[in-house]
Amino acid sequence: MGDKTAGKFSGALPPNPRKLLKKFHQNFNLKSRIRAILATRVFSPLVHVKVFCRTFFQKSSWGSGQCRSLRSLHCPENLKKIPLYIPLIALALLVWWPLWFMVMGSLMSLEELNATIGPAIMGADGFSVWPLLPSWPTLQPLAELLLDTPHFFTMFWNTFVLVVPSVLGQVAVGAPAAWALSRFRFRGRKIVATVYICLMLMPFQVTMVPNFLVIDGLGLMNTVWAVILPFAFSAFPVFIMMRGFDAVPRPLLEAASIDGAGAFRTFFYIGLPLGVPSIMAAAVLGFLEVWGAIEQPMTFLNDPSVWPLSLFLPQIAAEELGLAMAASLLMLMPAALFFFFGQKYLELGIQAAGIKE
Amino acid sequence: MNNPSETILQSGRKFNDKTSGDSVPRTPCKGTSPLDPCLESRICAIRNSRIFSPLVHVKVFCRTFFQKSSWGSGQRPENFLRRESLLALIFLAPSLIGISVFFLLPFVDTVRRSFFDVRGVNFIGWESYSSVVGNAAFRLAAVNTVRFVGVSIPLLMVVSLGVALLVRAVKGRVFKTTFLLPMAVPVASIVLLWQALFNYGGLANAALIRFGGAPVDFMHSGAAFWVLVFTYLWKNTGYNMILWLAGLDGISGSLYEAAYADGAGRLQCFRYITLPCLLPTIGVVAILSLLNSFRVFREAYLVAGSHPHDSMYLLQHLFNNWFQNLDISRLSAGATMMAAVLLIIILLMRKFLDGDSDG
């Protein structure tokens with residue numbers, strides 16, 4: 001219906017503004033962006049949010065792509081591609097098998113786990129075997145973990161306490177900085193950008209001592225802030241968002257400033273809505289990074305009561321095999337969910353580091 | 001010369017040109033009082049304009065003002081630049097303050113501490129450095145790290161390029177998702193799995209025996225190194241695949257069409273078009289692979305603990321152990337050296353990462 005009403009007005013204008021906007025959010029390339037923006041001539045962030053949501057949910061039905069590739073196998077010219085599928089499927093099995101292993105492992109009873117991988121983990125005699133499906137599937141370990149292990153929930157909550165402020169901080173602090181580096185011309189911009197790139201590439205082992213000195217000096221050791229603050233100020237999200245903001249067309253900003261929009265208004269009404277893909281990219285990458293973080297909590301948190309799941313899991317692995325399997329799966333779940341819904345942004349985030357303009 | 005402001009501009013320019021000389025600046029109107037030269041040229045301009053509308057005055061004033069003060073960049077007026085700098089500073093402030101407080105300033109302190117004793121009071125010069133370099137564990141870890149980087153990064157680059165080409169050829173989104181998936185798997189989740197695979201009684205050995213091989217103690221022999229390499233490949237192939245795909249998308253299709261028309265085969269196309277065009281991407285992929293290679297410590301640590309087999313004892317293990325002992329001065333020296341080496345690599349490779357050249 002929306003298409004029809006928009007069609008009425010499409011005389012000399014490009015056909016359907018909303019369609020173009022959709023394309024803009026899908027493609028993330030400059031040309032379609034500019035066209036979309038010129039077509040809408042509305043800078044309301046609401047439109048962007050709406051279209052963004054639509055493409056997001058539309059995209060996430062990623063079954064459609066699969067069907068197409070399967071259907072195309074019937075074409076004779078695509079039959080030639082079958083040899084290409086063989087190594088691909090072999091490699092894909094290397095990825096899928098461990099995950100299958102984990103899902104099935106959490107459905108096994110403790111006796112079965114001991115019988116199958118006991119030799120590896122518990123040091124029993126003989127060698128492990130791994131059946132493709134459990135002989136007696138049971139939800140007992142999962143139930144035990146969820147119902148009888150309040151400890152687990154504390155750890156889960158601790159992880160969120162670390163992750164959510166870190167990611168929000170990365171966006172809140174990083175987005176304006178990225179906007180400044182991308183849009184303003186000032187003396188020393190190159191130097192600041194270089195500092196960010198160098199910091200982004202430094203491994204934790206280099207920043208460990210400096211972080212420790214400050215955190216210890218501020219008396220933050222053993223508090224969640226010792227982990228959150230260094231993550232929130234990390235340079236990587238700034239870099240990703242900078243690349244995203246670079247793609248915002250300059251004529252648009254000039255038009256805005258002619259219409260009387262100040263720097264802050266331009267940032268909030270043009271920069272942020274158009275930078276949504278790169279902000280999402282930074283958020284997804286940040287989430288995955290903090291969710292799986294080992295070194296930072298291990299270094300700065302000595303008190304097990306504030307430990308995240310990532311430190312807790314290896315601890316129980318040796319003692320409670322069944323629980324450990326179920327906990328591994330539950331730890332994977334949020335990351336996997338974020339991955340499947342944000343895969344496009346994840347790819348964007350990775351590309352942001354690689355693309356040369 | 002009819003346009004008044006044009007005249008003014010010229011006078012201003014002449015004035016500017018002459019500032020280095022010792023003669024009095026020559027201006028179109030003569031007989032002016034010995035005023036401040038800037039003011040003088042302004043008055044001149046106003047006289048020449050013969051229009052006393054305030055707008056022109058404002059305009060003229062602005063022009064001369066900017067012209068006078070625009071040193072260096074001729075195009076952008078200084079005042080404007082200053083305003084933009086201020087705005088940039090406001091936008092950057094939270095991030096810059098955070099980065100300075102948590103990274104830059106303490107790093108300076110770290111460098112200072114590397115020259116002092118553990119308590120950070122007495123100056124000991126290069127002693128920590130010589131003690132670090134003379135340390136057997138450090139040498140082992142440094143050699144291992146270099147070996148790991150030297151083996152795994154080229155391997156990863158070749159494998160991921162192969163995967164990228166295959167995925168591109170079949171246009172399979174499912175495969176793209178598949179190979180990216182390990183990136184999202186938290187390390188802690190796969191620890192149990194890796195133990196089940198690579199411990200002595202594990203599944204890898206079970207498979208080896210099945211196919212008539214002898215069991216290998218993966219975690220307590222030289223094979224540990226290769227387990228680490230495998231883990232790294234497993235985890236990072238998807239990441240690099242995306243980088244390669246972006247690079248491959250950047251190659252113009254018309255190049256291939258022209259080559260096919262000239263009768264080039266697939267291999268020739270790859271050798272003479274794909275590889276040369278991927279050259280800039282190779283630099284980016286290499287440096288990001290290096291960055292990611294430091295993260296392999298997570299897996300190594302969780303699977304094998306803080307003192308793994310010698311073949312996979314990395315610098316990260318060493319630093320971690322020093323930290324446990326609060327050996328701050330050695331740690332500072334080590335971190336400073338590591339930062340210096342990385343900084344050199346980064347600055348050498350910077351042109352690959354720094355895409356924009358508009359300054």
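The values are calculated or read from the model by the stated rules, or taken from the named source; none is laboratory data. Everything numeric here is computed off the predicted structure, so don't read it as measured data. When we count neighbours, we look across all protein chains shown, and the Cβ atoms used for this are built from the backbone with ideal geometry, even at glycine.
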> Does at least one position in region B:282-301 carry a residue that is within 30 Å of B:Met338 (Cβ to Cβ) and not in a helix (DSSP H, G or I)?
Replying inline: yes
> In region B:138-148, which residues are of a type in the set (A, V, I, L, M, F, W, C) and surrounded by 14 or more Cβ atoms within 10 Å (Cβ to Cβ)?
Replying inline: B:Phe138, B:Leu140, B:Ala141, B:Ala142, B:Phe148
> Going by the conditions given, is A:Pro131 surrounded by fewer than 16 Cβ atoms within 10 Å (Cβ to Cβ), away from chain B (no Cβ under 11 Å) and either in contact with an Asp or Glu (Cβ under 9 Å, 6 or more places away or on another chain) or on the phi > 0 side of the Ramachandran plot (or both)?
Replying inline: yes
> Which one of the conditions (1) surrounded by fewer than 21 Cβ atoms within 10 Å (Cβ to Cβ); (2) aliphatic (A, V, I, L, M); (3) under 25 Å from the mean Cα position of the chain (by Cα); (4) under 18 Å from B:Thr336 (Cα atoms) does A:Leu168 fail to meet, given that it meets all the rest?
Replying inline: (4)
> Out of all the residues in region A:204-234, which are among the hydroxyl-bearing types (Ser, Thr, Tyr) and within 11 Å of chain B (Cβ to nearest Cβ)?
Replying inline: A:Thr207, A:Ser234
> Any idea which of A:Ala226, A:Ala256 is at pLDDT 90 or above and part of a helix (DSSP H, G or I)?
Replying inline: A:Ala226
> Does region B:270-319 hold any residues that are within 8 Å of chain A (Cβ to nearest Cβ) and over 24 Å from the mean Cα position of the chain (by Cα), and which are they?
Replying inline: B:Tyr301, B:Leu302
> If you take the residues of region A:301-320 that are part of a helix (DSSP H, G or I) and among the polar types (S, T, N, Q), which of them is modelled with the lowest pLDDT?
Replying inline: A:Gln315
> For region B:115-129, does any single residue satisfy the condition of being in the same structural domain as B:Leu275 (by TED's automatic domain parsing), more than 20 Å from A:Ala90 (Cβ to Cβ), loosely packed, with under 14 Cβ neighbours inside 10 Å and small (Gly, Ala, Ser)?
Replying inline: no
> Which residue pairs have Cβ atoms closer than 8 Å, lie 6 or more positions apart in sequence or on different chains, and pair a first residue in region A:80-104 that is closer than 24 Å to A:Ala327 by Cα and within 10 Å of chain B (Cβ to nearest Cβ) with a second residue that is among the aromatic types (Phe, Trp, Tyr) and part of a helix (DSSP H, G or I)?
Replying inline: A:Leu94/B:Trp234; A:Val95/B:Phe179; A:Val95/B:Trp234
> For region B:247-269, which residues satisfy the criterion of being away from chain A (no Cβ under 11 Å) and not in a helix (DSSP H, G or I)?
Replying inline: B:Ile251, B:Ser252, B:Asp262, B:Gly263, B:Ala264, B:Gly265
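Residues checked against (1) part of a helix (DSSP H, G or I); (2) of a type in the set (Gly, Ala, Ser); (3) touching a residue at least 24 places away in the same chain (Cβ under 8 Å):
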| position | (1), (2), (3) |
| --- | --- |
| A:Ile240 | yes, no, yes |
| A:Arg243 | yes, no, yes |
| A:Val248 | no, no, yes |
| A:Leu252 | yes, no, yes |
| A:Thr266 | yes, no, no |
| A:Ala281 | yes, yes, yes |
> Which members of region B:320-341 meet the condition of being among the polar types (S, T, N, Q) and facing chain A (nearest Cβ under 9 Å)?
Replying inline: B:Asn320, B:Ser332, B:Thr336
> Considering only region B:92-112, how many residues are at the interface with another protein chain (Cβ under 7 Å from one of its Cβ atoms) and touching a residue at least 40 places away in the same chain (Cβ under 8 Å)?
Replying inline: 2
>> Taking the criterion of being in contact with a helix residue (DSSP H, G or I) (Cβ under 7 Å, 6 or more places away or on another chain), closer than 30 Å to A:Leu145 by Cα and facing chain B (nearest Cβ under 10 Å), would at least one residue in region A:263-284 satisfy it?
In response: yes
>> For region B:113-171, give me each residue that is free of Cβ contacts under 8 Å to residues at least 12 places away in the same chain and within 14 Å of another protein chain (Cβ to nearest Cβ).
In response: B:Arg119, B:Val158, B:Gly162, B:Leu166, B:Ala169, B:Val170, B:Lys171
> Which one of B:Leu331, B:Leu347 is part of a helix (DSSP H, G or I), surrounded by fewer than 21 Cβ atoms within 10 Å (Cβ to Cβ) and not aromatic (Phe, Trp, Tyr)?
Replying inline: B:Leu347
